[in-house]
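Let me begin by presenting the structure, written as structure tokens, before commenting on it.
The values are calculated or read from the model by the stated rules, or taken from the named source; none is laboratory data. No experiment lies behind these values; they were computed from the predicted model shown. Positions of Cβ are backbone-derived with ideal geometry, glycine not excepted, and every protein chain shown enters the neighbour counts. Surface accessibility is based on the protein's heavy atoms, side chains included, excluding ligands, DNA and RNA. Shrake-Rupley method; radii C 1.70, N 1.55, O 1.52, S 1.80 Å.
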Amino acid sequence: MRALLKGAAAGTEHRRLLQALDCRHVVDIGANCGQFALISRKCFPDARIDSFEPLPEPAVRFEKVFAGDANVHLHRCAIGAEKATMTIHVSERDDSSSLLPIGKNQSELFPHTGEREVRETPVLPLHEAMDAEEISSPALLKI
């Protein structure tokens, strides 16, 4: 409920799958405002969560939701093959934004996910954003 008041709802559609796992570390790429991190925190209360979100608007909501949780870390960048500045295609619903162009099929199948604007955003390879030694096993990578 606290997260809802701050603009984020847990991605409960993942709960059954996550409950079947043992996880000490979650790497959440494309975190938006923390939907996956919230359900991960519920399923793995002691896990470290490293989330990546390049858009400032959902990142601000994410930081409000997880303020005070020392095991959740937000990295304000996108993850890609190489260090670069790339164009991000911002969707009408920012949780559908992508470094990939938003195609006609997406807009037709998922209403209100068409491209609203494009922006430039920093991109890092995952190994530059965090050291492999930081990742505790067993770990989960969500892309």
Residue among Asp69, Asp94 that is touching a helix residue (DSSP H, G or I) at 6+ places or on another chain (Cβ under 9 Å), among the acidic types (Asp, Glu) and touching a residue at least 40 places away in the same chain (Cβ under 8 Å)
Asp94
Would you check which residues across the stretch 120-140 are open to solvent by less than 50 Å² (accessible area, probe 1.4 Å), modelled with pLDDT of 95 or more and more than 15 Å from Ile79 (Cα to Cα) and list them?
Pro138, Leu140
Report yes if Ile143 is hydrophobic (A, V, I, L, M, F, W, C), within 14 Å of Gly30 (Cβ to Cβ), open to solvent by 80 Å² or more (accessible area, probe 1.4 Å) and touching a residue at least 24 places away in the same chain (Cβ under 8 Å), otherwise no.
yes
Can you work out which of the residues in the stretch 84-143 that are acidic (Asp, Glu) and outside any strand (DSSP E or B) is farthest from Cys33 (Cα to Cα)?
Glu133
List, please: which pairs have Cβ atoms under 7 Å, are six or more places apart or on different chains, and start with a residue in the stretch 1-26 that is of a type in the set (S, T, N, Q) and modelled with pLDDT under 70 and end with one that is open to solvent by less than 40 Å² (accessible area, probe 1.4 Å) and in a helix (DSSP H, G or I)?
Thr12/Ile39
Suppose we filter the stretch 93-122 for residues that are farther than 20 Å from Ile29 by Cβ and small (Gly, Ala, Ser); how many remain?
3
